[in-house]
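The values are calculated or read from the model by the stated rules, or taken from the named source; none is laboratory data. Worth saying up front: this structure is predicted, and the values here are computed from it rather than measured. Note that we place each Cβ from the backbone using ideal geometry, even for glycine, and neighbour counts take in every protein chain shown. The protein model used for the area step is the full one, side chains on, heavy atoms only, and it has no ligands, DNA or RNA in it. Shrake-Rupley method; radii C 1.70, N 1.55, O 1.52, S 1.80 Å.
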Amino acid sequence: MKRCIEVADIRECCQAWRRRGLSIALVPTMGFFHDGHLALMRRAKTLADRVVVSLFVNPIQFGPKEDLASYPRDLERDSALAAAAGVDALFIPTVSAMYGDGFETKVVLGALGQGLCGASRPGHFDGVATVVTKLFHIVAPDVAVFGEKDFQQLAIIRRMVADLDFNLRIVSQPIVRESDGLAMSSRNTYLTTEERQAATCLYRALVLAKTMAQRDERPTAAAIERTVRDSIEENAGFTVEYATVVDRASLAPAAKIDENCLLALAVRVGGRVRLIDNAPLFG
Ligand code: AMP
């Protein structure tokens, strides 16, 4: 597996592959790999001749009080895992390689970036869209793979690709969970042992919401949201930031419960850790 730090190096590597007629899949990540990331990489291998994984903790998508400095990192372990997953090139740029002196141009999103996670993380999705745009230009992939765990990010990237005429396909990968249901996340390492045990309440709340939605007499979105919030907040230190039934394409709050609905959750644990999860209410 090739490791590239400079933009020029990964660009040259990808151009050489394209000259040989090889297709390229890109998996953007912030590293500290778990099985969720590895599932994306394995999926990417089925979609193209070569797989590029970017590993970049993107400072412009973190707010001033967020966990940029403490975000978990382990480059050597990540590198070994990516190589074992069959990745062809790992792109690990420095911050100055991505945002050189005088950098000031950003992708600015519309409504899709404002609600849900965007409401408590102003500017977050503009930062995501900007770095993903740069990665798309640098690697020029035929296909890029994103996880459904970050369903709002996925919807935003799909919208951006359509709106700005990027010439690539977006493929999504279902959420990979721990055996007790907790969605895998690099941020799970922030949880104490007790919090980690209690954190299964997010998954149990999603299952509860599904059961409610599928009853003969359909509940209102508000009733589902209230039940989910109460079941999570029974756990000491767990505060629901949002528990919202949305239309899975527009991300707008659902007017009625139907097959297009998704329950989206963001939960703060112990005031320090923020977990997100989601599940469709049907299927
Ligand atoms: P991150 O490194 O957290 O920015 O995530 C990189 C990519 O992996 C994103 O497309 C995420 O949606 C995806 N991802 C993270 N966790 C999971 C998971 N548990 N299951 C599936 N995809 C995931």
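Can you compute the FRET efficiency between Val108 and Arg268 using 1/(1 + (r/R0)^6), with r the Cβ-Cβ distance and R0 = 25 Å? Round to the nearest 0.05. FRET efficiency, Val108 to Arg268: 0.40. For the chain, DSSP calls about 50 percent of its internal beta bridges antiparallel.
Amide H contacts under 5 Å for Phe56: Thr29, Met30, Gly31, restricted to partners 5 or more places along the chain or on a different chain, H placed in the peptide plane at 1.01 Å from N.
Across segment 175-190, computed HN-Hα scalar couplings (Karplus, 6.51 cos²θ - 1.76 cosθ + 1.60, θ = phi - 60°) run 5, 9, 10, 5, 4, 8, x, 4, 5, 5, 7, 4, 6, 4, 5, 6 Hz from first to last residue, x flagging Gly and Pro. Per residue, the chain reaches -11000 deg cm²/dmol at 222 nm when only DSSP H runs of four or more residues are counted, each adding -39500 (n - 2.57). For the chain, a simple Cβ point-charge model (Lys and Arg +1, Asp and Glu -1, everything else neutral) yields a dipole of about 480 debye relative to the Cα centre. Using the alpha-carbon centroid of each, what span in Å lies between segment 71-89 and segment 239-283? Between the Cα centres of segment 71-89 and segment 239-283 lies a distance of 31 Å.
Under 5 Å between amide hydrogens, built in the peptide plane, is the criterion, and for Ala279 it picks out Leu263 among residues at least 5 positions away or on other chains. Taken over segment 185-283, the percentage of Cα pairs per 5 Å bin, counting from 0 up to the bin with the maximum distance, is 2, 14, 26, 23, 16, 11, 6, 2, 0. Taking the C-alpha atoms only, the angle from helix 35-47 to the longest principal axis of the chain is near 50 degrees.
For segment 2-173, the per residue solvent-accessible surface stands at 45 Å², with DNA, RNA and ligands left out and a 1.4 Å probe. Shape index of the chain: Rg/Rh, with Rg the Cα radius of gyration and Rh the Kirkwood radius from the inverse mean 1/r over Cα pairs, equals 0.97.
Remark: segment 237-245, residue by residue, has Karplus-estimated 3J(HN,Hα) of x, 9, 10, 7, 7, 8, 9, 10, 8 Hz, where x stands for each Gly or Pro and the curve is 6.51 cos²θ - 1.76 cosθ + 1.60 at θ = phi - 60°. At a 1.4 Å probe radius, carbon and sulfur cover how many percent of the accessible area of segment 69-154? Summing carbon and sulfur atoms, their accessible area is 53 percent of the total for segment 69-154. Annotation: amide H-H contacts under 5 Å for Gly270 (H modelled 1.01 Å from N, sequence separation of 5 or more, or interchain): Phe238, Thr239. Of interest is the spacing of the C-alpha centroids, which for segment 19-51 and segment 116-140 amounts to 19 Å. Compute the angle between helix 7-19 and the longest alpha-carbon principal axis of the chain, please, reported from 0 to 90 degrees and rounded to the nearest 10. That helix lies at roughly 80 degrees to the long axis.
In the chain, the longest principal axis of the Cα atoms and the axis of helix 75-84 are about 80 degrees apart.
When the alpha carbon gyration tensor of segment 122-203 is reduced to an equivalent ellipsoid, the three semi-axes, largest first, read 30, 14, 11 Å.
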